[in-house]
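So the structure is just underneath, and the comments pick up after that.
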Amino acid sequence: MTDREQPASAPAAATPIVPAKRPAYEPPARLLKPIARDPHMRRPASVTAGAALVLLRVIAGGVVLASIAAGWDALRSDTGAVLEGFEPTPEGWHAALWVVLSVGAAVLLIDLLLAVFVFLGQNWARVIVMCISVLSISTVFGAWWVQGQEITVEGSFVSLAIDILLLLALSSRSAAAYARRKERP
């Protein structure tokens with residue numbers, strides 16, 4: 001007798017308990033239903049992971065700025081690298097490098113502050129980080145679609161992966177509940 005065959009006199013097996021799964025599609029009324037607010041809620045792992053991913057994005061941005069600074073002379077010697085309204089003197093190139101590095105450092109500082117605020121559970125910071133991620137993903141998609149730009153490990157793959165993981169972590173129900181835990185109904 002095989003596993004699947006049961007004798008006629010055998011008692012019926014108990015129905016296995018199956019955990020309730022979330023459906024792939026949820027009706028809008030269910031999604032808009034207010035969540036229970038708990039001001040003493042512990043920080044979920046999704047918020048910690050989201051803040052860590054923003055920090056990882058800051059580190060990756062620092063590496064990009066360092067590589068720009070290291071390769072600035074090669075860019076300067078490239079005959080096709082001409083900026084409109086810019087005088088290509090050595091002092092001008094040096095000033096342009098400082099402008100690029102200053103703007104990049106300011107953006108990274110803002111991103112670092114957003115990581116701290118996300119970790120502390122500020123909903124506005126969570127929403128801003130998710131919007132930045134959507135813009136970054138859309139930019140990579142647009143470059144691939146319109147210009148045929150390859151998505152490579154050296155190029156946009158790491159940034160794209162971080163942004164997708166950020167969206168997944170910070171758009172979770174637990175992250176939203178944590179960020180909104182102090183709101184009044």
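Throughout, read-outs are computed from the coordinates displayed, never taken from laboratory work. Since we're looking at a predicted model, the values are computed, not measured. Neighbour counts are summed over all protein chains in view; Cβ atoms, including those assigned to glycine, are modelled from backbone coordinates with ideal geometry.
Mind checking the full-extension length gain between THR48 and VAL146? Use 0.36 nm per residue of separation minus the Cα-Cα distance, one decimal, nm. Please report the intermediate quantities before stating the final value.
Working: separation 98, 0.36 × 98 = 35.28 nm, distance 3.55 nm.
Result for the pair: 31.7 nm of gain on full extension.
Highest first, please rank the peptides 166-173, 110-117, 40-47 by the mean number of other Cβ atoms sitting within 10 Å of their residues. List each step's numbers first, then the result.
Details: 166-173: 19.1, 110-117: 16.8, 40-47: 14.8.
Peptide ranking by packing, descending: 166-173, 110-117, 40-47.
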